[in-house]
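Here the structure is laid out as structure tokens; the discussion comes afterwards.
The values are calculated or read from the model by the stated rules, or taken from the named source; none is laboratory data. Only a predicted model underlies this, so the values are computations on that prediction, with no experimental measurement involved. Here the Cβ positions follow ideal geometry from the backbone for every residue, glycine too, while neighbour counts run over all protein chains shown. Surface accessibility is based on the protein's heavy atoms, side chains included, excluding ligands, DNA and RNA. Shrake-Rupley method; radii C 1.70, N 1.55, O 1.52, S 1.80 Å.
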Amino acid sequence: MVALSIVSSQSTVPGTYVLLLLDVVERWHIPMEELLADEGLVPEDLLRSGFRLPRESFARLIQRAITLTDEPGIGFLMGLQMKVSCHGVIGQAAMVAKTLGEALEIAQAYFGLPSSDLELKLDREGERVRLSLVERDERYQLGEVGAMFLLTGFAAMAEALTGQKLRGEGVVRFARPSYINRFDHLIAGPLTFGGAFNGFLFYPEILDYPLVMSDPVAARVAREQCKQELGRLGGGRSLMQQVRDLVFDEELGFASLETVAGKLNVTPRTLQRRLQTEGVVFRDIVEAIREQHAKRLLALRQKSIGQVADLLGYSDVTNFSRAFRRWAGCSPRDYMRAPD
């Protein structure tokens with residue numbers, strides 16, 4: 001049996017992922033009702049706006065699809081079918097971003113919308129950039145089917161967004177399955193099995209690739225829709241996490257207390273009071289985000305120290321450098337020069 005440890009009792013997946021599964025299974029002439037029946041679903045459910053399915057149900061659907069088709073490579077086939085539009089407002093925002101790097105920043109910021117148990121991380125590894133899928137809870141490891149689905153899908157979407165063949169190396173934690181031999185000719189680049197993470201390694205110039213549908217005005221509107229969706233979903237995340245999600249934008253910088261409170265439909269005073277019950281204050285959340293993004297942006301070496309300082313809301317580089325020394329024990333310049 002193929003490993004399916006892609007579930008979390010707290011998490012859901014978009015109904016569009018199930019539609020992808022149905023599209024793949026249809027090649028075996030299996031009625032969709034036969035696949036959906038055990039979960040009490042009908043096709044009309046999946047077409048409803050905002051419909052989401054518990055990950056446990058999604059995992060059972062995948063296992064049933066593998067049983068019905070005798071195709072253990074279902075995850076890979078689903079990934080090949082993935083479109084940016086499968087991800088709703090996140091996909092819309094990514095599609096009209098300026099560059100692939102900006103699209104990835106959007107995906108990082110809002111990946112919690114479709115998946116509360118996984119996060120995207122973008123780090124420097126030597127001369128290359130590492131994009132990885134990281135489990136927030138080690139009890140829920142991303143299994144073989146889930147990793148093949150998501151990583152193949154990300155690669156397919158990146159090429160669709162840029163209109164270019166992208167060079168890089170895929171990495172997965174599981175051993176090479178025998179069925180993958182049949183798909184070797186469809187895999188875009190080198191794929192390392194038994195690695196230390198699930199994700200990609202690529203050279204940083206890829207982040208600067210322009211997107212074919214870039215639209216600055218539409219991008220701003222779409223990012224705002226992502227923030228509104230985060231505020232609407234709210235449930236399952238602490239107030240502190242909701243504020244962290246809403247307070248910073250990679251393009252626009254930090255939102256004010258009043259703006260964040262408005263997105264959460266509370267007054268600034270109420271927001272401050274509720275944060276205090278969780279043992280935090282708004283200012284400390286902003287400071288923690290500044291530290292996190294400062295270290296990440298400097299490590300990637302895609303922006304100058306002045307650009308990072310400006311993005312993070314500092315009036316000048318001197319103030320930023322003073323704050324950074326407090327966080328990291330060294331200057332921003334020394335941090336950028338440090339070996340990976």
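The heavy atoms of GLU119 present about 70 square angstrom of accessible area, all protein chains included, probe 1.4 Å. Share of carbon and sulfur in the accessible area of the chain stands at 51%, probe radius 1.4 Å. Peptides 318-325, 74-81 ordered by packing proxy, namely the average of other Cβ atoms within 10 Å per residue, highest first: 74-81, 318-325. Phi angles of the range 273-290 translate, via the Karplus equation with coefficients 6.51, -1.76, 1.60 and θ = phi - 60°, into HN-Hα couplings of 5, 5, 5, 4, 5, 8, x, 9, 10, 4, 4, 5, 5, 4, 4, 5, 5, 4 Hz per residue; Gly and Pro are given as x. When you restrict to C-alpha pairs under 8 Å that are six or more residues apart and normalise by the size of the chain, the relative contact order lands at 16 percent. In the chain, helical runs assigned H by DSSP with n ≥ 4 each contribute -39500 (n - 2.57); averaged across all residues and rounded to the nearest 500, the mean residue ellipticity at 222 nm is -15000 deg cm²/dmol.
Starting from the residue with the highest accessible area, list LYS98, LYS165 in decreasing order, probe 1.4 Å.
The ranking, largest first, comes out as LYS165, LYS98.
If a/c stays under 1.5 just call it rounded; otherwise compare a/b with b/c (prolate if a/b is bigger, oblate if not). Do that for the range 292-340, with a ≥ b ≥ c from the square roots of the Cα gyration tensor eigenvalues. Taking the square roots of the gyration eigenvalues as a ≥ b ≥ c, the range 292-340 is oblate. For GLY143, the residues whose amide H sits under 5 Å from its own are SER5, ILE6, ignoring neighbours fewer than 5 places away on the same chain, with H placed 1.01 Å from N.
Among the protein heavy atoms, those of MET82 account for about 10 Å² of accessible surface (1.4 Å probe, every chain in place).
When both the range 23-58 and the range 59-134 are represented by their alpha-carbon centers, they are found 20 Å apart.
Taking all Cα pairs closer than 8 Å and separated by 6 or more residues, the relative contact order of the range 198-296 comes to 21 percent. In the chain, the longest principal axis of the Cα atoms and the axis of helix 55-69 are about 30 degrees apart.
Computed on protein heavy atoms with a 1.4 Å probe, the accessible areas place ASP123, ASP284 in the order ASP284, ASP123, largest first. With R₀ fixed at 35 Å, the C-beta to C-beta distance from GLN272 to VAL134 puts the FRET efficiency at about 0.65.
A 1.4 Å probe run over the chain, with the rest of the protein chains in place, finds 49 Å² accessible per residue.
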